[in-house]
Amino acid sequence: MDAERSTPNRRDVVRAHPLREALLSLIDRDGTTTSTIAAGELGESTGSCSFHLRRLEALGVIEAVPGAGRVKPWRRVRAEQASLNRELEDTAYASWLAAKTSDDEDFAFSAVVPLAEGELAELRARLHRVLHDFIGSEPRSDTTTPTAVIIRAFPLHED
């Protein structure tokens, strides 16, 4: 077996453990989490959550939020998240474009929105709730199609 096949990549290691996937989902939903919050949300022990959060850090997927004091919140490593998402988006979008049969099969929307301090986190939470309503719902028909929903929100810095 060659080295490439014998060494699992980070995504495989994360997907191999359901608690790690759940921890990442929680961080993606809220922006950050602690082992105590995760334990309460996921019905796990704080020790188990802390262990798996440290493993995710070792894999380079999450990082401790600097300057948080005694509480240790974790967040996604920005470059890792952006890189993984962009790779998946580009591949899936290119495949979809090649098979597209109608101009009515997608839409794009963008806007520059003035947000005060803390409102970006509120926007993230609201969008997660909207998407969760669709993700967690029963199929509304027999003809549902998995659909990529891509949302990016970031502060614009004037140069």
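Computed from the coordinates by the stated procedures, all read-outs in this text should not be read as laboratory data. As the structure is a prediction and not an experimental result, all values here were calculated from the model. We place every Cβ from the backbone using ideal geometry, glycine too, and count neighbours over all the protein chains shown.
Applying the Karplus relation 6.51 cos²θ - 1.76 cosθ + 1.60 with θ = phi - 60° to region 148-156 yields 3J(HN,Hα) values of 6, 10, 10, 10, 10, 9, 7, x, 8 Hz, where x marks Gly and Pro. Per-residue 3J(HN,Hα) values for region 121-130, derived from phi via the Karplus relation 6.51 cos²θ - 1.76 cosθ + 1.60 with θ = phi - 60°, read 5, 5, 4, 4, 4, 5, 5, 4, 5, 4 Hz in sequence order (x marks Gly and Pro).
Counted by neighbouring Cβ atoms within 10 Å, the residues 90, 103, 30 run from fewest to most as 103, 90, 30. For residue 74, the residues whose amide H sits under 5 Å from its own are 33, 34, 65, ignoring neighbours fewer than 5 places away on the same chain, with H placed 1.01 Å from N.
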